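Just so you know, all these numbers are worked out from the coordinates, no wet-lab data involved. Keep in mind the model is a prediction, meaning the values are calculated, not measured. With ideal geometry, Cβ positions are generated from the backbone for all residues, glycine too; neighbour counts draw on all protein chains shown.
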Amino acid sequence: MDKILIVDPTTQSSDLIRQCMSNIGYEIYMAENGLNALAKVSLFYPDVVLLNAELPDISSYDVCKRIKSNPETEYTLILFISSLDTHDSRVRAIQVGADDYLEKNFDSYLLISKVKSLLRVKHLSDQLKQKYVELEEKNHLLDLQLKMARQVQQALMPAIDLTFQNIHFVSQYIPAMDIGGDFYDVLTLSDNRVAVVMGDVSGHGISAALLTAMLTVMTRSLAPKYFNPDQFLYYMNNELYKIFENGVREMYVCMFYAVIEIEKKTILYSNAGQALPVMVCESDDDGVVVLNAAGLPIGMMPDSDYEFHSLSYDTGDVLVFHTDGLSDVFYKESPEEFSDRFRELLTDAKTLDDPKEIIEIILNAFYNYNATENEKYEMDDVSLIVCKFS
């Protein structure tokens, strides 16, 4: 049974949270202050700590930091609950080790959703540690790290095959190594709004994969708050910049963010240095539109501005998001040739009803499945999302 520690000095608030958690079947422990919380974490080893930001004795940030800095409790997941919902408070919580953040005026559904999400990560982490122990005895530590990191990455970024309203979304991800630096997501914002994210972290390997996992969590946290793509990228950029402000600055993230408003049949979009999506219009034989938008990759400079654009779509249109790994396989030195070939291919494929067939045609034309292991090491990750409007 999963263990939950509720750290809250307010009896009414803690009782409400306890009732909410106990109804699901978790084993619940209570702590009314920071010192009590640290003692119970060391005694009971809870899976998730619901940590109130306002404690009567010691700082909640210090409690979080001490839990994460203790080798025996460093994998305990912490959901920071605060009456403040500012970017500074969120970033500070992340810096001391919090795994997620929740504003105090939450509803029970959101709390349960976040706890379940953290527990999924915890279970994956437990699997990773168990496999690590088993294979370390056989001198396959590095191989295990890569394979399990890929499993965690795939769990956070599963293949997409879904229909929302009248839009069919299908994705494909091919990492150059066991794990990669691409990430994407399709997020439901409301009954009539859906967001599409396509991103690419600089570099490869474990560091890039870890950053994609963090970006996935940040995206799902910020997307419901900022419907305008330029605002979303602005705050994503600032939060990422603050996290690495005093640390590694070599890494950056390219990202394209689009919000599809279904009632208005409109696509709102902004870009942060990512490869540009292409839309093929079903009603026009030569109707190919590139979603042009400029902006610096996120994490490079604070307070960067991003262009905001909108585009109408119609029934039968096809919209394709991709990372630049698609063009790098055969057209790295000739991007214009890739663009011409890509448009031609999509124009021919737009009549296909199944987006999976469109992805198959694209990959057969641009991806080298027969590359050797050494050649694949030099290749970039490839990600695709195809949206078919019906």
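Report the far tail of the P(r) of the stretch 3-123, meaning the percent of Cα-Cα pairs longer than 25 Å. Let's see the in-between values first.
Values: 828 of 7260 pairs.
Above the 25 Å cut-off, the stretch 3-123 has 11 percent of its Cα pairs.
Order by neighbour count: Thr73, Thr11, fewest other Cβ atoms within 10 Å first, most last. Write down the numbers at each step before the final one.
Details: Thr73 17, Thr11 10.
Fewest-to-most Cβ neighbours within 10 Å comes out as Thr11, Thr73.
So which of Lys131/Lys356; Lys265/Lys350; Lys265/Lys356 end up more than 27 Å apart by C-alpha?
On the way: Lys131/Lys356 34 Å; Lys265/Lys350 18 Å; Lys265/Lys356 23 Å.
Check vs 27 Å cut-off fails for Lys131/Lys356.
Take Asp340, project a point 7 Å from its Cα along the Cβ direction, then tell me which residues of the stretch 260-296 have their backbone nitrogen under 17 Å from it.
Within reach of a label on Asp340, which here means backbone N under 17 Å from a point 7 Å along Cα→Cβ, the stretch 260-296 contributes 288.
Once the convex hull of the C-alpha atoms of the chain is built, how many Å³ does it hold per residue, rounded to a whole number? Intermediate results must be reported in sequence, preceding the final value.
Details: hull volume 58.9 nm³, N = 390.
With only Cα atoms used, the chain gives 151 Å³ per residue.
Considering the chain as a Gaussian network with a 10 Å cut-off on Cα pairs, which listed residue, Asn192, Asn23, Asn228, attains the greatest mean-square fluctuation?
Among Asn192, Asn23, Asn228, the largest GNM mean-square fluctuation belongs to Asn23.
Choose one of Gly287, Thr315, Met300: the residue whose Cα lies farthest towards the positive end of the charge dipole of the stretch 278-357 (beta-carbon charges +1 Lys, Arg; -1 Asp, Glu; about the Cα centre).
Met300
Just to confirm the filter: which trypsin sites (Lys or Arg not before Pro) across the stretch 235-327 are DSSP coil and have at most 15 other Cβ within 10 angstrom of their Cβ?
Values: sites: Lys242, Arg249, Lys264, Lys265; in loops: Arg249, Lys264, Lys265.
The qualifying sites are Arg249, Lys264, Lys265.
Of Leu291, Leu211, Leu345, which has the largest mean-square fluctuation in a 10 Å C-alpha GNM of the chain?
For the chain, modelled as a Gaussian network with Cα springs under 10 Å, the answer is Leu345.
Going highest first, how would you order 254-261, 42-49, 331-338 by mean Cβ packing within 10 Å? Before the final figure, lay out the partial values.
On the way: 254-261: 25.1, 42-49: 18.2, 331-338: 12.9.
Ranked from most to least packed, the peptides come out as 254-261, 42-49, 331-338.
Going down the list Lys114/Lys264; Lys104/Lys129; Lys122/Lys242; Lys3/Lys242; Lys3/Lys116; Lys264/Lys388, which pairs span over 22 Å between their C-alpha atoms? All intermediate terms of the calculation are to be shown ahead of the outcome.
Details: Lys114/Lys264 31 Å; Lys104/Lys129 33 Å; Lys122/Lys242 26 Å; Lys3/Lys242 32 Å; Lys3/Lys116 12 Å; Lys264/Lys388 16 Å.
Long pairs (Cα-Cα over 22 Å): Lys114/Lys264; Lys104/Lys129; Lys122/Lys242; Lys3/Lys242.
Give me Rg over Rh for the stretch 159-389, both radii from the alpha carbons and Rh done the Kirkwood way, two decimal places. Don't jump to the answer; show the numbers that get you there.
On the way: Rg = 16.9 Å, Rh = 17.9 Å.
Value, to two decimals: 0.95.
Return the sequence-ordered ³J(HN,Hα) values of the stretch 355-360 in whole Hz as given by the Karplus equation 6.51 cos²θ - 1.76 cosθ + 1.60 applied to θ = phi - 60°, using x for Gly and Pro.
Rounded to whole hertz, the list is x, 4, 5, 5, 4, 4.
Please go through the stretch 55-120 and write out the GluC sites (Glu not before Pro) that DSSP classes as loop and that have at most 16 other C-beta atoms within 10 Å. Walk me through the intermediate numbers first.
Numbers: sites: Glu72, Glu74, Glu103; in loops: Glu72, Glu74.
Answer by residue number: Glu72, Glu74.
What spacing in nm lies between the two simple spin-label points modelled at Asp161 and Glu245, each 7 Å away from Cα in the Cβ direction?
Spacing of the two 7 Å Cα→Cβ label points: 4.5 nm.
Could you check the simple spin-label distance between Met214 and Tyr75, using points 7 Å along Cα→Cβ, in nm with one decimal?
With each label placed 7 Å out from Cα toward Cβ, I get 2.1 nm.
Search the structure for amide H atoms under 5 Å from the amide H of Thr323, placed 1.01 Å from N in the peptide plane, and list their residues when 5 or more places away or on another chain.
For Thr323, whose amide H was placed from the backbone, the distant partners under 5 Å are Ser383.
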